[in-house]
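Participant: So that we are looking at the same thing, I have put the structure below in structure tokens.
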Amino acid sequence: MKPLLGPARVRFGIDPSAAVAGAWYPYTVQLAEELPGMLKAARSLFGEVSGIDVNWSSFRRLPGLDSLDSPETPPLMTLTASTRAVTVLVIPPRTASSLAATLLRQASGSVLADGQCHSLEFRRAERILVRAGIAAPSSVR
């Protein structure tokens, strides 16, 4: 039996119509194995997911979002449920956990501790989310 990695590291914001309405930080590049946990979290908020679209061809080869080789357009996943479509930033597992944690908080609109909004990680996450928002499908906005 394969060991369980842990709970799905996913956070959604309060506005599902936002250009980026949340973020998911999978443990590995084996997305098919981790997808059920993420979909379970999405289902509780948006209902049954009937479609998934992504903007990458090979997630395995994506470097971390903090890498110099990071793609200009961050990896996005659009989840289609019965009443809405929601775009989620997918944080490659090679991304440093400190940046990933900041991205999860910012993408979900969580309140950050005083002083964190002046950190390098905060600014880096902000730039990534701006690029993701620009790249999000217009039908979701």
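The values are calculated or read from the model by the stated rules, or taken from the named source; none is laboratory data. Everything numeric in this text was worked out from a predicted model, so none of it was measured. Neighbour counts are summed over all protein chains in view; Cβ atoms, including those assigned to glycine, are modelled from backbone coordinates with ideal geometry.
Participant: Just a yes or no: is a residue in the range 11-28 in contact with a strand residue (DSSP E or B) (Cβ under 8 Å, 6 or more places away or on another chain), part of a loop (DSSP other than H, G, I, E, B) and aromatic (Phe, Trp, Tyr)?
Facilitator: Yes: the range 11-28 contains one or more residues that are in contact with a strand residue (DSSP E or B) (Cβ under 8 Å, 6 or more places away or on another chain), part of a loop (DSSP other than H, G, I, E, B) and aromatic (Phe, Trp, Tyr).
Participant: Only residues that are polar (S, T, N, Q) and surrounded by 14 or more Cβ atoms within 10 Å (Cβ to Cβ): list them for the range 31-60, please. So that I can check it myself, show each step before the final result.
Facilitator: The initial filter retains those residues of the range 31-60 that are polar (S, T, N, Q), namely 44, 50, 55, 57-58.
Scanning the range 31-60 gives a single hit, Asn55.
Participant: Restricting to the range 1-10, and then to whatever is outside any strand (DSSP E or B) and surrounded by 13 or more Cβ atoms within 10 Å (Cβ to Cβ), can you tell me which residue is farthest from the chain's Cα centre (by Cα)?
Facilitator: At the first step, the residues of the range 1-10 found to be outside any strand (DSSP E or B) are 1-9.
Among the residues that remain, those that are also surrounded by 13 or more Cβ atoms within 10 Å (Cβ to Cβ) are: 5, 8-9.
Working: Leu5: 18, Ala8: 11, Arg9: 9 Å.
So the residue we want is Leu5.
Participant: Right, here's the next one. Where residues in the range 23-34 are of a type outside the set (Ser, Thr, Tyr) and modelled with pLDDT of 95 or more, which of them is nearest to Ser108 (Cα to Cα)? Walk me through how you get there before you give the answer.
Facilitator: Of the range 23-34, the ones of a type outside the set (Ser, Thr, Tyr) are 23-24, 26, 29-34.
Pick out the ones that are also modelled with pLDDT of 95 or more and you get 23-24, 26.
Working: Ala23: 7, Trp24: 10, Pro26: 16 Å.
Residue satisfying both the conditions and the ranking: Ala23.
Participant: Condition first: closer than 13 Å to Val90 by Cβ and among the β-branched types (Val, Ile, Thr). Now tell me which residues in the range 11-62 satisfy that.
Facilitator: Val20, Thr28, Val29, Ile52, Val54
Participant: While we're looking at this one, here's another question. Being under 16 Å from Leu76 (Cα atoms) and either in contact with a His (Cβ under 9 Å, 6 or more places away or on another chain) or without any contact (Cβ under 8 Å) to a residue 40 or more places away in the chain (or both) narrows it down to one residue among Ala32, Ala21, Ala8; which is it?
Facilitator: Numbers: Ala21 fails: either in contact with a His (Cβ under 9 Å, 6 or more places away or on another chain) or without any contact (Cβ under 8 Å) to a residue 40 or more places away in the chain (or both); Ala8 fails: under 16 Å from Leu76 (Cα atoms).
The match here is Ala32.
Participant: State the number of residues belonging to the range 67-111 that are surrounded by 18 or more Cβ atoms within 10 Å (Cβ to Cβ) and of a type outside the set (Gly, Ala, Ser).
Facilitator: Looking only at that region, the number is 21.
Participant: Suppose we filter the range 58-112 for residues that are farther than 20 Å from Pro137 by Cα, among the β-branched types (Val, Ile, Thr), modelled with pLDDT of 90 or more and assigned to a loop (DSSP other than H, G, I, E, B); how many remain?
Facilitator: 1
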